Amino acid sequence: MQPIEKISIKRVEEGKYSLDLRGFTCPYPEIFARRALDVVAPGNTLVITIDNAPSCETIPAAAEELRHRVIEVKKIGETDWNIVIQKQ
């Protein structure tokens, strides 16, 4: 598991950011995703990578509760998923 101080939002390209939350279990992925969405500017996209299956439901639900657009939840490996959210 990553140390908590190593978690940071990375700029992938103009308007697109990534957040790697592999190694964390609930409720931490949702908490960190909410914090990241507070930082990202409206209109930008955040790609969150996780390896905790329940977060595939809790993160999109939290994003929708905050009125952001969930673009995609996609399995990218045996145990990994990407959740793509556009901040509104």
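What follows draws every value from the coordinates through simple rules; no lab data is involved. In this text, all values refer to a predicted model and were calculated from it rather than measured experimentally. Virtual Cβ from ideal backbone geometry, glycine too; neighbours counted across all protein chains shown.
Using the Karplus equation 6.51 cos²θ - 1.76 cosθ + 1.60 (θ = phi - 60°), what ³J(HN,Hα) coupling, rounded to whole Hz, does each residue of segment 59-67 give in order, writing x for Gly and Pro?
Working through the residues one at a time gives 5, x, 5, 5, 4, 5, 4, 7, 6 Hz.
Suppose only helical runs count, i.e. DSSP H with n ≥ 4. What mean residue ellipticity at 222 nm does that imply for the chain under -39500 (n - 2.57) per run, divided by all residues and rounded to the nearest 500 deg cm²/dmol?
-8000 deg cm²/dmol
Starting from the Cα gyration tensor of the chain, take the square roots of the eigenvalues, sort them a ≥ b ≥ c, and report rounded, prolate or oblate (rounded when a/c is under 1.5, otherwise prolate if a/b is larger than b/c, else oblate).
Judged from the Cα gyration tensor, the chain comes out rounded (a/c under 1.5).
Along the charge dipole of the chain, Cβ charges K/R +1 and D/E -1, which of Gly43, Thr25, Gly77 sits furthest on the positive end?
In the chain, that residue is Gly43.
Build a GNM of the chain with springs between Cα atoms under 10 Å: which of Leu19, Leu66, Leu46 gets the top mean-square fluctuation?
In the Gaussian network model the winner is Leu66.
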